[in-house]
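Report on one structure; see the data block that follows.
Just so you know, all these numbers are worked out from the coordinates, no wet-lab data involved. From a predicted model like this one, the values you see are computed outputs, not experimental measurements. Ideal geometry is used to build each Cβ from the backbone, glycine not excepted, and the neighbour counts take in all protein chains shown.
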Amino acid sequence: MGIPDYLTCLLRNLYAGQEATVRTGHGTTDWFQIGKGVCQGCILSPCLFNLYAEYIMRNAGLEETQAGIKIAGRNINHLRYADDTTLMAESEEELKSLLMK
């Protein structure tokens, strides 16, 4: 996707070795390693989500498929906003083929 190596390294270092504890009605848990995900409330979280979502959509090859609806001469088969994705097709069969990608 053209993300520079130094930026990938910076993000890995930002999230490497993170730990958390959970506060309950009975006190706090022991500390544990966070193995996946992004930090809740982190200003980078929406950007990282969008980068990953873009990667998924590009690798699905949706741009190359003929499924979708024509708008102003262009074939549109998906729309995204924040963490919502809508797939569009002319028929149920086309929609199923998009979902299978």
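Structural remarks
- Residues whose placed amide H lies under 5 Å from that of HIS78, excluding near-sequence neighbours: MET88
- Computed about its Cα centre, the charge dipole of the chain is approximately 180 debye, with only Lys, Arg, Asp and Glu carrying charge at their Cβ.
- For the chain, the 222 nm mean residue ellipticity estimated from helices alone, with every DSSP H stretch of n ≥ 4 adding -39500 (n - 2.57) and the total spread over all residues, rounds to -11000 deg cm²/dmol.
- Selected from ASN75, GLY25, THR65, residue furthest toward positive end of dipole (region 5-100; charges at beta carbon): GLY25
- Here r is the Cβ-Cβ distance between LEU7 and LYS70 and R0 is 35 Å; the resulting FRET efficiency, rounded to 0.05, is 0.40.
- Total formal charge among the other residues, if their Cβ is under 14 angstrom from that of ASP30, Lys/Arg +1 and Asp/Glu -1: 0
- Cysteines (scope the chain) whose Cβ has no counterpart Cys Cβ under 4.7 Å: CYS9, CYS47
- Among GLY41, GLY73, GLY17: highest mean-square fluctuation, GNM of the chain, C-alpha pairs under 10 Å: GLY73
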